[in-house]
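In what follows, a structure is listed as structure tokens, so that the remarks can point back to it.
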Amino acid sequence: MAFDRKEYARRRAELMKRIGADGVAIVPAAHEAVRARDTHYKFRQDSDFAYLSGFPEPDAVAVLAPGRRTGGHKSEFVLFVRDRDPAREIWDGRRAGTEGAVRDYGADEAFTVDAFEEQLQPLLAGRARVHYTMGEHSAWDAKIAAAVREIREVSRRGAAAPTDFVALETSLHEMRLKKSPAELKLLAKACAVSAEAHVLAMRTARPGLREWQVGAEIEAHFLRNGMEPGYGSIVGGGENACILHYVDNGALLRDGDLLLIDAGGELHGYTADITRTFPVNGKFSKAQRAVYEIVLEANKQAIRTLKVGESVGRPHEVATRILTEGLVDLGLLKGSVKELIKAGKQRQFYMHGTGHWLGMDVHDVGRYRLDGKYRRFEPGMVMTVEPGLYIAPGTKGVDEKYWGIGIRIEDDVVVTEDGPRVLTGGVPKDVGEIEKLMA
Ligand code: GLY
Ligand code: MN
Ligand code: MN
């Protein structure tokens, strides 16, 4: 488990407080995904399920039923888990079973997962609201819908059936959005190791290597620190940097090109998300540097806006303005900055947002708007700041020296009472510092 048991118990108590006595929450674990015949992708637990239980196995379900008692005992946290199976455990590893679920993971009661359907009816009966994210786990959707239908059928004889299904967005995801001190410690470590990995990449890169050879240094550093990539690493040389979700990572790195790397390591379920862009040969050309300095200024100014009480939309507003001003200065756009932004003309070169929540998921949960309006930053929220400029090769009306330049600079930032705290400062982003490191 990533945290001590009290942290998980606190989270469950908080969720039960939020959903109230007439609610029940159902949170399934992830399922193992087949990679190829007889082999699976490395298992990654569902983030909501991991957040509440710390239980590491697939095919389990957690049910939280505030105030529930059975046989004179509190029985609010019920875990459904895979049965023990000595033969399977020899092949695939240990299973906690129902005993382990109670003893090691704090379940008040545990059943094997094949008893889910039978147990679900009594768990749901008399609860008005089922907090469950429909549409993401089709096998569970069907079972839960069937249980509700059956309760409705017998409800003439007593127990009331639930009337509402509520997505976890308004309860659990609001909790996950504001990180606890223990979570921030893990995220800070994930970011620090990931920053080291980017430094290694800068030291490794040189003309003639393949993109994956640099990517290997990064991912090796994650692995030697007990981490793994939190998402598919993007290692894009030259114009590949203009492909936002480039995953091929196979091209040769050429003298005179830039290299964009977007990679972050995940530690105990919490991931970093860092992008740096630097010259393959260690020295920025004049044109590259001109574009780079604009993106860097946007990154720095946007980071400053991650302050308690500031609008969550502010970083993008600030970054967009600085990038558009820069595009006008370079002659890539013509006209008034205000009018250009109003018409969305900068989107030809800056087509993504400036940041997203970060945590267990790289694009973490949590609403950006409340009642249709941007919410305000609060302490413990973690956001990426990742402005970029991408000038596609052959862009008409743009001087050839800028063709194929793609630059993004991405940092991970915690909102604190004392202002923005950058977790990814361990890898340089100033031109002089990068060139010094690579010399
Ligand atoms: N690495 C994905 C992103 O930056 O959003
Ligand atoms: Mn990224
Ligand atoms: Mn990102």
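The values are calculated or read from the model by the stated rules, or taken from the named source; none is laboratory data. Worth saying up front: this structure is predicted, and the values here are computed from it rather than measured. Using ideal geometry, Cβ is built from the backbone for each residue, glycine included, and neighbour counts are taken over all protein chains shown. SASA here: full protein model, heavy atoms, side chains in, ligands and nucleic acids out. Shrake-Rupley method; radii C 1.70, N 1.55, O 1.52, S 1.80 Å.
Brief remarks follow.
- With respect to being open to solvent by less than 20 Å² (accessible area, probe 1.4 Å), basic (Lys, Arg), within 13 Å of ligand 2 (Cβ to nearest atom) and touching a strand residue (DSSP E or B) at 6+ places or on another chain (Cβ under 9 Å), ARG408 fits the description.
- The residues of the range 347-382 that are within 12 Å of ligand 2 (Cβ to nearest atom) and among the aliphatic types (A, V, I, L, M), listed by number, are LEU358, VAL362.
- Between VAL365, VAL385, VAL415, VAL422, the distinction of being of a type in the set (A, V, I, L, M), out of contact with any helix residue (DSSP H, G or I) (no Cβ under 8 Å at 6 or more places or on another chain), touching a residue at least 60 places away in the same chain (Cβ under 8 Å) and closer than 24 Å to TYR270 by Cβ belongs to VAL415 only.
- Residues of the range 357-377 satisfying the condition of being more than 16 Å from ASP46 (Cβ to Cβ) and surrounded by fewer than 18 Cβ atoms within 10 Å (Cβ to Cβ): ARG367, TYR368, ARG369, LEU370, ASP371, GLY372, LYS373, TYR374, ARG375, ARG376
- Options LEU177, LEU124, LEU186: the member that is at pLDDT 90 or above, aliphatic (A, V, I, L, M) and touching a helix residue (DSSP H, G or I) at 6+ places or on another chain (Cβ under 7 Å): LEU124
- For ASN249: the one exception among (1) more than 16 Å from ligand 1 (Cβ to nearest atom); (2) on the phi > 0 side of the Ramachandran plot: (1)
- Sub-9 Å Cβ pairs linking a first residue in the range 253-268 that is outside any loop (DSSP other than H, G, I, E, B) to a second residue that is of a type in the set (Lys, Arg) and open to solvent by 30 Å² or more (accessible area, probe 1.4 Å), at least 6 apart or interchain, are GLU266/ARG44; LEU267/LYS189, ordered by first then second residue.
- Pair list, Cβ < 8 Å and 6+ apart or interchain, from the range 131-154 residues that are acidic (Asp, Glu) to residues that are assigned to a helix (DSSP H, G or I): GLU150/GLN121
- Every listed requirement among (1) within 30 Å of GLY359 (Cα to Cα); (2) out of contact with any Ser or Thr (no Cβ under 6 Å at 6 or more places or on another chain); (3) open to solvent by less than 20 Å² (accessible area, probe 1.4 Å) is met by VAL166 save one, (3).
- Test: residue in the range 322-331 that is open to solvent by 20 Å² or more (accessible area, probe 1.4 Å), within 16 Å of ligand 3 (Cβ to nearest atom) and on the phi < 0 side of the Ramachandran plot: no
- Residue in the range 58-69 that is among the aliphatic types (A, V, I, L, M) and either open to solvent by 50 Å² or more (accessible area, probe 1.4 Å) or touching a Gly at 6+ places or on another chain (Cβ under 7 Å) (or both) present: no
- Any hit, the range 316-330, residues being among the basic types (Lys, Arg), in contact with a strand residue (DSSP E or B) (Cβ under 9 Å, 6 or more places away or on another chain), assigned to a helix (DSSP H, G or I) and more than 16 Å from ligand 2 (Cβ to nearest atom): no
Listed here are the residues, each with its yes/no results for (1) among the small types (Gly, Ala, Ser); (2) over 30 Å from LYS373 (Cα atoms); (3) in contact with a helix residue (DSSP H, G or I) (Cβ under 8 Å, 6 or more places away or on another chain); (4) open to solvent by less than 60 Å² (accessible area, probe 1.4 Å).
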{"residue": "LEU253", "(1), (2), (3), (4)": "no, yes, yes, yes"}
{"residue": "ALA272", "(1), (2), (3), (4)": "yes, no, yes, yes"}
{"residue": "GLU293", "(1), (2), (3), (4)": "no, yes, yes, no"}
{"residue": "LEU296", "(1), (2), (3), (4)": "no, no, yes, yes"}
{"residue": "ASN299", "(1), (2), (3), (4)": "no, no, yes, yes"}
{"residue": "ILE303", "(1), (2), (3), (4)": "no, no, yes, yes"}
{"residue": "GLY313", "(1), (2), (3), (4)": "yes, no, no, yes"}
{"residue": "HIS316", "(1), (2), (3), (4)": "no, no, yes, no"}
{"residue": "THR320", "(1), (2), (3), (4)": "no, no, yes, yes"}
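- Reported count of residues in the range 216-233, each being more than 18 Å from ILE434 (Cβ to Cβ) and either free of Cβ contacts under 8 Å to residues at least 40 places away in the same chain or crowded, with 22+ Cβ neighbours inside 10 Å (or both), is 10.
- Taken over the range 237-287, the criterion of being among the aromatic types (Phe, Trp, Tyr), within 21 Å of the chain's Cα centre (by Cα) and either within 17 Å of HIS198 (Cβ to Cβ) or away from ligand 2 (no atom under 16 Å from the Cβ) (or both) is satisfied by TYR246 alone.
- At least 2 residues being under 22 Å from the mean Cα position of the chain (by Cα) is the threshold, and among the helices (runs of 4 or more DSSP H) wholly inside the range 1-119 those reaching it are 5-19, 47-53.
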